[in-house]
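Participant: Got a structure for you, questions after.
The values are calculated or read from the model by the stated rules, or taken from the named source; none is laboratory data. The structure presented is a predicted model; accordingly, all values stated were derived computationally and were not measured. Neighbour counts are summed over all protein chains in view; Cβ atoms, including those assigned to glycine, are modelled from backbone coordinates with ideal geometry. SASA here: full protein model, heavy atoms, side chains in, ligands and nucleic acids out. Shrake-Rupley method; radii C 1.70, N 1.55, O 1.52, S 1.80 Å.
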Amino acid sequence: MNPINLLLLCGGGGDEHAISLLSANYFETSLAKLPHLNVLRVELDAEGQYQTKSGERCELTNRREIRFEDESQAPWPVDYVIPCIHGYPGETGDIQSYFELINLPYFGCDAEGSRNCFNKITAKMWFSALGIPNTPYLFLNQLDEQAIAQTTEALAKWGSVFVKAASQGSSVGCYRVDDSEQIPAILADAFQYSPYVVVEKTIQARELEVAVYQYRGETVATLPGEVICAGDTFYTYDEKYAADSKATTRVVAEVSDEIAQQIRNYAVKVFDGMKLRHLSRIDFFLTPEGEILLNEINTFPGLTPISMFPKMLANNGDDFSEYLNEAILTGLNR
């Protein structure tokens, strides 16, 4: 087999830049087990500038090659790319659109699937269209007195709500509201993150997660794992990644076989129905009454030392390096 030049692209310059770098470390370790790959790690910053791990400035051209600022270095042809970027421009579909434009094979969900999942409003419309239960919500497209009144009415009806910027990941721009006096300030904050905002009913429920991935010709959904937050809190960005996080996780949740299978069925249905590709982490709520509600889809889940996706994949009996290798070779042979 001829060596494959693989570009590991990470960073992105957004709110999740640092987490992307941690995930890239996991990819590097996994890819190092595949001797037929030549891996070049390149970091993308907020200004759209690229640099290698050793600090060399470079760019990804439409000829599918890395050109270095130091012109004495020969261009490095790229056969395949892993866009390890959480949030913008990775999970938003922007970077995938560029890869598609220059016909560069890449790992992960395509541009359309990424966009549809990243926007919470579009995603919920897809969930409903596919017949998968999800949380009651209302949609706000501008900050004005009507938006404040609608949110106040929703709070009175539901008792507690979450205000979420529609186009953000990892709980960025997400706020729980229990007091109507908080509403104007919180809506103002949320609209700073996104031009669209979702107001959802607060669900008192367990938070369950499923790793979904394509392997050996089928869509695989693992047994659900569980995130357990301290007290009556929710899984904020800090709780996900802070060293002193009080949240704990279980790779396999303690639920009945019937509940676990229904969650897996929903996960496969939404993954295949939205034409997702390669991998996603799909998050659900399980209420005390046994109601299952689809919360959200992460099309490029974190792969940090505390992340659930790689743990659930391993618990399912699969090796991440072998899984990656199949995805890469399949992508190159299309």
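Participant: How many residues does region 177-223 contain that are part of a loop (DSSP other than H, G, I, E, B) and without any contact (Cβ under 8 Å) to a residue 40 or more places away in the chain? Steps first, answer last, please.
Facilitator: Going residue by residue through region 177-223, those that are part of a loop (DSSP other than H, G, I, E, B) are 178-179, 194-196, 202-205, 216-217, 222-223.
If we keep only those that are without any contact (Cβ under 8 Å) to a residue 40 or more places away in the chain as well, we get 178-179, 194, 217.
Summing the residues that are part of a loop (DSSP other than H, G, I, E, B) and without any contact (Cβ under 8 Å) to a residue 40 or more places away in the chain in region 177-223 gives 4.
Participant: Looking at Val251, is it modelled with pLDDT of 95 or more, under 19 Å from the mean Cα position of the chain (by Cα) and over 25 Å from Pro105 (Cβ atoms)? Lay out the reasoning, then the answer.
Facilitator: Working: modelled with pLDDT of 95 or more: yes; under 19 Å from the mean Cα position of the chain (by Cα): yes; over 25 Å from Pro105 (Cβ atoms): yes.
Against the criterion (modelled with pLDDT of 95 or more, under 19 Å from the mean Cα position of the chain (by Cα) and over 25 Å from Pro105 (Cβ atoms)), Val251 qualifies.
Participant: Separate question: Output the residue which, of all residues in region 267-293 that are over 30 Å from Pro105 (Cβ atoms) and in contact (Cβ under 8 Å) with a residue 40 or more places away in the chain, is farthest from the chain's Cα centre (by Cα). Full working, then the answer.
Facilitator: Within region 267-293, the subset over 30 Å from Pro105 (Cβ atoms) is 284-293.
Narrowing further to those that are in contact (Cβ under 8 Å) with a residue 40 or more places away in the chain: 284-288, 291-293.
On the way: Phe284: 14, Phe285: 17, Leu286: 20, Thr287: 23, Pro288: 27, Glu291: 24, Ile292: 20, Leu293: 18 Å.
Out of the qualifying residues, it is Pro288.
Results for (1) polar (S, T, N, Q); (2) farther than 21 Å from Glu65 by Cα, shown as yes or no for each residue.
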residue: Glu16; (1), (2): no, yes
residue: Leu22; (1), (2): no, yes
residue: Ser30; (1), (2): yes, yes
residue: Leu40; (1), (2): no, no
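Participant: Can you name every residue in region 61-87 that is under 20 Å from Ser20 (Cα atoms) and out of contact with any Ser or Thr (no Cβ under 8 Å at 6 or more places or on another chain)? Reasoning before the result, please.
Facilitator: So the first thing to find is which residues in region 61-87 are under 20 Å from Ser20 (Cα atoms), and the list is 80-87.
Result: Tyr80, Val81, Ile82, Pro83.
Participant: Collect the residues in region 144-158 that are open to solvent by 50 Å² or more (accessible area, probe 1.4 Å) and of a type in the set (Gly, Ala, Ser), keeping them in residue-number order.
Facilitator: Ala149, Ala156
Participant: Report, ordered by the first and then the second residue, all pairs with beta carbons closer than 7 Å, sequence separation of six or more or different chains, a first member in region 121-135 that is in contact (Cβ under 8 Å) with a residue 60 or more places away in the chain and of a type in the set (A, V, I, L, M), and a second member that is crowded, with 22+ Cβ neighbours inside 10 Å and in a loop (DSSP other than H, G, I, E, B).
Facilitator: Ile121/Ala166
Participant: Still on this structure, please answer the following. What helices (runs of 4 or more DSSP H), lying completely within region 104-176, carry at least 1 residues that are more than 15 Å from Lys275 (Cα to Cα)?
Facilitator: Working: elements: 111-118, 120-129, 145-158.
The helices (runs of 4 or more DSSP H) meeting that bar are 120-129, 145-158.
Participant: Output the residues belonging to region 17-60 that are among the β-branched types (Val, Ile, Thr), buried (at least 19 other Cβ atoms within 10 Å of the Cβ) and out of contact with any Ser or Thr (no Cβ under 6 Å at 6 or more places or on another chain). Even if it seems obvious, please write down each step before you answer.
Facilitator: Kept after step one, since they are among the β-branched types (Val, Ile, Thr), are these residues of region 17-60: 19, 29, 39, 42, 52.
The next check asks that each one be buried (at least 19 other Cβ atoms within 10 Å of the Cβ); those that pass are 19, 42.
Once the filter is applied, which keeps residues that are among the β-branched types (Val, Ile, Thr), buried (at least 19 other Cβ atoms within 10 Å of the Cβ) and out of contact with any Ser or Thr (no Cβ under 6 Å at 6 or more places or on another chain), region 17-60 yields only Ile19.
Participant: Considering only region 5-24, I want to know if a residue exists there that is touching a Lys or Arg at 6+ places or on another chain (Cβ under 6 Å), hydrophobic (A, V, I, L, M, F, W, C) and outside any helix (DSSP H, G or I). So that I can check it myself, show each step before the final result.
Facilitator: Of the residues in region 5-24, the ones touching a Lys or Arg at 6+ places or on another chain (Cβ under 6 Å) are 8.
Next, only the ones that are hydrophobic (A, V, I, L, M, F, W, C) stay: 8.
Next, from what is left, pick out any that are outside any helix (DSSP H, G or I): 8.
Looking through region 5-24, at least one residue is touching a Lys or Arg at 6+ places or on another chain (Cβ under 6 Å), hydrophobic (A, V, I, L, M, F, W, C) and outside any helix (DSSP H, G or I).
Participant: Would region 70-87 turn up any residue that is open to solvent by less than 20 Å² (accessible area, probe 1.4 Å), over 25 Å from Met308 (Cβ atoms) and part of a strand (DSSP E or B)? Give the derivation first.
Facilitator: Taking region 70-87 and keeping what is open to solvent by less than 20 Å² (accessible area, probe 1.4 Å), we get 78, 80-87.
Cutting the leftovers down to over 25 Å from Met308 (Cβ atoms) gives us 78, 80.
Going one step further and asking which of them are part of a strand (DSSP E or B), we end up with 80.
Yes; the residues of region 70-87 include at least one that is open to solvent by less than 20 Å² (accessible area, probe 1.4 Å), over 25 Å from Met308 (Cβ atoms) and part of a strand (DSSP E or B).
Participant: Tell me the residue from Asn333, Asn325 that is modelled with pLDDT of 95 or more and open to solvent by 10 Å² or more (accessible area, probe 1.4 Å), please. Break it down into steps so the answer makes sense when it comes.
Facilitator: On the way: Asn333 fails: modelled with pLDDT of 95 or more.
Every option except Asn325 fails the conditions.
Participant: Quick test of your reading of the structure: Pro3 fulfils all but one of (1) in contact (Cβ under 8 Å) with a residue 24 or more places away in the chain; (2) closer than 22 Å to Glu100 by Cβ; (3) touching a strand residue (DSSP E or B) at 6+ places or on another chain (Cβ under 8 Å). Name the failing condition by number.
Facilitator: (2)
Participant: Please give the number of the condition Ser167 fails out of (1) under 26 Å from Ile85 (Cβ atoms); (2) open to solvent by less than 10 Å² (accessible area, probe 1.4 Å).
Facilitator: Among (1) under 26 Å from Ile85 (Cβ atoms); (2) open to solvent by less than 10 Å² (accessible area, probe 1.4 Å), the lone unmet condition for Ser167 is (2).
Participant: Output the residues belonging to region 216-239 that are at pLDDT below 55 and crowded, with 17+ Cβ neighbours inside 10 Å. Spell out the reasoning first.
Facilitator: Our first condition is that a residue be at pLDDT below 55; within region 216-239, this holds for 232-239.
Result: Tyr235, Thr236, Tyr237, Glu239.
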